[in-house]
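Taking it in order: structure first as structure tokens, then the write-up.
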Amino acid sequence: MISLAELQRRIDAGELSPGAAVAQSLEAIGVQDKTIGAFVCRADHLNAASAGPLRGIAVGIKDIMDTAEFPTEMGSPIYRGYQPRRDAAVVMMLKQAGATIVGKTTTTAFASVDPTPTLNPHNHGHTPGGSSSGSAAAVAAGMIPLALGTQTGGSVIRPASFCGVAAIKPSYRLLPTVGVKCYSWTLDTVGLFAAGVDDVARGLSAMAGRPELLLPPSIPTPRIGVVTQDFAGAPDASGGEALRIATKAAERAGALVWVLDLPEIIAEAWQVHSVIQEFEAHQALAWEYRENYDAMAPLLRAKLDESRGLTPADHDAAIGVASRARHALAKVFEGVDVLLTLSAPGAAPEGLGSTGDARYNRLWTLMGVPCVNVPALTAKGGLPVGVQVIARYGADAAALAAARFVEQALERK
């Protein structure tokens, strides 16, 4: 993989020009993407910016985000050839930081459940996850140092786990969703993929103009509450092993670690996530569903068919549960700095018929809290499995620092 931090060091030292750094990524895409299929469109040649903290950094953009230079097709034939006139807000934030947008990465249709043809770079017989399939795979395959994705259920953290890359789903609305195709306005969150936690922190800090998100020179030792999410069912063997390995590594590194039981209202919130998501999807995708029903991706269409009976009262009740759960979770964080839990049930499923299960992600998306994936284990078939570090709402810097602590602990194990 390409380290964003190392590229910045080399560019700052004059060892590599921004243009040469971008050219290297374009060359890697030209070689790797013939097999992986992470991009739906890309540039052949680009002039890199000469200023900004992300100068020389090639970035892939999930294809539900508007881009003025590239079509935005949202993984659907309904939008084939659709060319926005302007960039999404997050794309402009990258450009203002000096980044170079090199192409659009694959997404499941409208960031839902119908798989893309993208392959997992670690094992081509397995999914890279979804819905941010191309962004995770492009970083994992060493094509680009940074990519954007979105998460409504588990579409950043889960593919990051499957592909063995670092990723952050920031606090809700830390990054704007203006110009990003909506699925659920209560849940949709823009996130980032990169090689390691420091790379993710540098990308998010530069993009958001928040220097406080950069990792400190000395990483503080966190208090970690381990959450098994029993209400979501048992994980696969590899998922459970990844969490066990990360827990032991953090303990050996000096962290205070103990298993936490979450309040019952938080388990109730896990159950109502789908009510909020699908009720809002019916409104966000009303034109596509009504006017282009036959062109809708089949799994998404079936999901919308099944949830047509949801009412405003159902949505209001679910929002109430979520609000009470957020208050309960805030009290949990009075006793710990971060939570450590599963990023996915286990390694990426075999075949391309599914993007995997988001059951260990959707609660934290609903809670709006920052989540960082850290690769923890290489399972059978060379498939990575990650764990996620979660901090209180707004404490993205703490989430990144604790994730770096866990990452370093795992490197020493």
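Read-outs throughout are calculated quantities, based only on the coordinates presented, and are distinct from any laboratory measurement. Since the model is a prediction, treat every value here as computed from it, not as a measurement. In this analysis, Cβ positions are derived from the backbone assuming ideal geometry, glycine residues included, and neighbour counts consider all displayed protein chains.
Remark on SER155: its backbone amide H falls under 5 Å from those of SER131, a criterion applied only to residues 5 or more positions apart or on other chains, H modelled at 1.01 Å from N.
Fully extending the segment from ALA68 to GLU334, taken as 0.36 nm per residue of separation minus the present Cα-Cα distance, adds 91.3 nm. Distances over 20 Å make up what percent of all Cα-Cα pairs in segment 190-342? Everything past 20 Å amounts to 68 percent. For segment 78-139, a/c is not less than 1.5, where a ≥ b ≥ c are the root eigenvalues of the C-alpha gyration tensor, and a/b does not top b/c. That puts it in the oblate class. Calculated over segment 130-170, the projected area of the Cα convex hull averaged across directions stands at 2.4 nm². Working ranking of peptides 136-143, 361-368 by packing, defined as the average number of other Cβ atoms within 10 Å per residue, highest first, is 136-143, 361-368. Rounded to the nearest 5, the antiparallel percentage of DSSP beta bridges internal to the chain is 65%. Summed over all non-identical Cα pairs, the Kirkwood treatment of segment 100-175 gives a radius of 12.2 Å. Spacing of the modelled spin labels on THR221 and ALA313, each 7 Å from Cα toward Cβ, amounts to 5.5 nm. Expressed per residue, the C-alpha convex hull volume of segment 1-89 stands at 114 Å³.
Computed on the Cα trace of the chain, the radius of gyration divided by the Kirkwood hydrodynamic radius gives Rg/Rh = 0.95. Simple spin-label estimate for GLN83 and TYR293 gives 3.3 nm between the two label positions (7 Å along the Cα-to-Cβ direction from each Cα). When the Cα atoms of segment 263-413 are aligned to their principal axes, the ranges along those axes come out at 55, 41, 24 Å in descending order. With the convex hull of the Cα atoms taken as the outline of segment 4-213, the averaged projected area works out to 10.3 nm².
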